[in-house]
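Each remark here refers to the structure printed beneath this line.
Read-outs: derived from the displayed coordinates by stated rules, not from any lab. These numbers were taken from a predicted model, which means no experiment stands behind them. Virtual Cβ from ideal backbone geometry, glycine too; neighbours counted across all protein chains shown.
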Amino acid sequence: MSTQTLNRPTRHRQQVVLNVAPRKYAFLMELLGNFNFVEVEKKNSDSREEIITNLKRAAEDLKLLKAGKLETRPLKDFLNEL
């Protein structure tokens, strides 16, 4: 018995990013998981180690700010950029 491999062209998938209300997230993920043509990539939340590293980095930045070694800008300017 022999098997054949079909050489199908690779189809590129389109990617969609959605912002969903937290209370509807579980429903949407379950719904999308039921479609065989949808591949759901779950975003992992930061690991404990990443959170600790980020907190340490923030504390160091705060020390540098207080020492005047880091440049700042007014909050109003920052918000205007958004």
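Within region 38-74, being within 30 Å of HIS12 (Cα to Cα) and of a type outside the set (S, T, N, Q) holds for VAL38, GLU39, VAL40, GLU41, LYS42, LYS43, ASP46.
If you go through region 22-56 and keep only what is of a type in the set (Phe, Trp, Tyr) and within 17 Å of the chain's Cα centre (by Cα), you end up with just TYR25. Taken over region 43-57, the criterion of being surrounded by fewer than 10 Cβ atoms within 10 Å (Cβ to Cβ) and over 14 Å from VAL16 (Cβ atoms) is satisfied by ASN44, SER45, SER47, ARG48, GLU49.
Only one entry of LYS69, LYS63 meets the criterion of being outside any loop (DSSP other than H, G, I, E, B) and over 30 Å from TYR25 (Cβ atoms), and that entry is LYS63. Scanning region 58-82 for residues that are exposed (fewer than 11 other Cβ atoms within 10 Å of the Cβ) and either of a type in the set (Val, Ile, Thr) or touching a Leu at 6+ places or on another chain (Cβ under 8 Å) (or both) yields a single hit, THR72. The set of residues in region 47-60 being assigned to a helix (DSSP H, G or I) and hydroxyl-bearing (Ser, Thr, Tyr) consists of THR53 alone.
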